[in-house]
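Asker: Right, I'll just put the structure down here and ask away after.
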Amino acid sequence: MMKKSNQITLLLAAFLLAATASFAQEENGFTQFNVVKEFNDNGFQWFRDAQLLAAGDNVKSNAMTIGWGAIGTLWQKPALTVYVAEKRYTKEFMDKAEYFTVMSFDVEHSKVLNYMGTKSGRDGDKAQALGLHTAYTANGTPYYLEATMVIECKLMYAAPFEPNGFKSDVPRNMYSRFPAGIHSMYIGEVVNAWKK
C-alpha cells in the first residue's frame, strides 16, 4: 500500500504538470478552455471551414489541412475524429502518435491552410516555409503559435476504412477517383484546448 506522503507527492506532481501545461500556453497568448462547455462553433461547419492537423515530436513533425472530421462524445469522453489518406505524409506521423493537435487559423492566415493543403512535407519543412513558429504542449505535441485555437487529443482508436463496409455509392465513388488512397480514421480524446 502506498504511503500517504508518496500519494501527496504524486498528486502534487500531477497538479504541477497540469499547471505547467496551462501556463506554457498562456505565455504564448492562449487561454485554456473546456471544449464540452465552451466550444461554440457549429460542428457540422467547423471542419468544412478547414482546420490544420499536426502530429510528431520536437525532432520531426508535420501538419496538413483537413476538411473532414467530427467532434462530439465517444466512450464517455469528449472526442475529435480526423481522417488522413494513406498516401499523405502526415499519416506516417499519425500512425506513430500518442497525441495530435487540430488548429484553427483566422482569415489573416488563410494562406497557411491553402499551402498546408497543397504541399507535401516530404518536399520540405512547410511550417518553416510559411514562417510559422512551432511550439509544443506539455505532452510534446506540436502546434503553431499563429493558430487561434488548438485542441490537443490523445489517440484512442485508429483504423483504415474497410471497403467491404461501404454501404452506399458515396464512398465507393469517392475512392474510385481519389489518388491519395483510402482514409484512416483517428479518434482522439480531447485532453486540452486553448484559444486566443
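The values are calculated or read from the model by the stated rules, or taken from the named source; none is laboratory data. Bear in mind the structure is a predicted one, so any value in this text is a computation, not a measurement. With ideal geometry, Cβ positions are generated from the backbone for all residues, glycine too; neighbour counts draw on all protein chains shown. Accessible surface is based on the protein model in full, side chains and every heavy atom, while ligands, DNA and RNA are left aside. Shrake-Rupley method; radii C 1.70, N 1.55, O 1.52, S 1.80 Å.
Asker: How about the range 82-103: which of its residues are closer than 11 Å to S184 by Cα, open to solvent by less than 10 Å² (accessible area, probe 1.4 Å) and in a strand (DSSP E or B)? Write out each step before concluding.
Answerer: If we filter the range 82-103 for residues that are closer than 11 Å to S184 by Cα, which is where we start, we get 82-88, 91, 94-95.
Within this subset, residues satisfying the condition of being open to solvent by less than 10 Å² (accessible area, probe 1.4 Å) are 82, 84-85, 94.
Within the range 82-103, V82, V84, A85 qualify.
Asker: State whether the residues of the range 135-147 include one that is touching a Gly at 6+ places or on another chain (Cβ under 7 Å) and either farther than 17 Å from F30 by Cα or not in a helix (DSSP H, G or I) (or both).
Answerer: Here is the first cut: in the range 135-147, the residues touching a Gly at 6+ places or on another chain (Cβ under 7 Å) are 142.
Now restrict to residues that are either farther than 17 Å from F30 by Cα or not in a helix (DSSP H, G or I) (or both): 142.
Yes; the residues of the range 135-147 include at least one that is touching a Gly at 6+ places or on another chain (Cβ under 7 Å) and either farther than 17 Å from F30 by Cα or not in a helix (DSSP H, G or I) (or both).
Asker: Could I ask something else about it? Out of the residues in the range 165-189 meeting the condition of being under 30 Å from K77 (Cα atoms) and of a type in the set (F, W, Y), tell me which one is surrounded by the most Cβ atoms within 10 Å (Cβ to Cβ).
Answerer: Y186
Asker: Listed residues K119, K126; which is within 26 Å of F178 (Cα to Cα) and crowded, with 18+ Cβ neighbours inside 10 Å? Let's see the steps before the verdict.
Answerer: Details: K119 fails: crowded, with 18+ Cβ neighbours inside 10 Å.
Step by step, each of K119, K126 is checked, and only K126 is within 26 Å of F178 (Cα to Cα) and crowded, with 18+ Cβ neighbours inside 10 Å.
Asker: Would you be able to say whether some residue in the range 144-159 is more than 21 Å from M185 (Cα to Cα), among the polar types (S, T, N, Q) and open to solvent by 70 Å² or more (accessible area, probe 1.4 Å)?
Answerer: Of all residues in the range 144-159, those more than 21 Å from M185 (Cα to Cα) come to 144-149.
Now narrow it down to the ones that are among the polar types (S, T, N, Q): 148.
Add one more test, that the residue is open to solvent by 70 Å² or more (accessible area, probe 1.4 Å), and what stays is none.
Checking the range 144-159: not a single residue is more than 21 Å from M185 (Cα to Cα), among the polar types (S, T, N, Q) and open to solvent by 70 Å² or more (accessible area, probe 1.4 Å).
Asker: Looking only at the range 1-59, which residues are modelled with pLDDT of 60 or more and part of a helix (DSSP H, G or I)? Before you say what the answer is, go through the steps one by one.
Answerer: As a first pass, look at the range 1-59 and keep what is modelled with pLDDT of 60 or more: 25-59.
Scanning the range 1-59 gives Q25, E26, E27, V35, V36, K37, E38, G43, F44, Q45, W46.
Asker: Still on this structure, please answer the following. Looking at (1) in a strand (DSSP E or B); (2) open to solvent by less than 100 Å² (accessible area, probe 1.4 Å), which is the one condition that is false for T73?
Answerer: For T73, the exception is condition (2).
Asker: Right, next: Report yes if A138 is aliphatic (A, V, I, L, M), at pLDDT 95 or above and farther than 25 Å from Q45 by Cβ, otherwise no.
Answerer: Numbers: aliphatic (A, V, I, L, M): yes; at pLDDT 95 or above: no; farther than 25 Å from Q45 by Cβ: yes.
Spelling it out, it is not the case that A138 is aliphatic (A, V, I, L, M), at pLDDT 95 or above and farther than 25 Å from Q45 by Cβ.
Asker: Of the residues that make up the range 126-138, is at least one polar (S, T, N, Q) and touching a residue at least 12 places away in the same chain (Cβ under 8 Å)? Explain how you work it out, then say what you get.
Answerer: The first filter runs over the range 126-138 and keeps only residues polar (S, T, N, Q), leaving 128, 134, 137.
Within this subset, residues satisfying the condition of being touching a residue at least 12 places away in the same chain (Cβ under 8 Å) are 134, 137.
Yes; the residues of the range 126-138 include at least one that is polar (S, T, N, Q) and touching a residue at least 12 places away in the same chain (Cβ under 8 Å).
Asker: Condition first: farther than 20 Å from P160 by Cβ and either of a type in the set (V, I, T) or crowded, with 18+ Cβ neighbours inside 10 Å (or both). Now tell me which residues in the range 51-64 satisfy that.
Answerer: Applying the first criterion (farther than 20 Å from P160 by Cβ) to the range 51-64 yields 51-52, 54, 56-61, 63.
Scanning the range 51-64 gives Q51, L52, A54, G56, V59, S61, A63.
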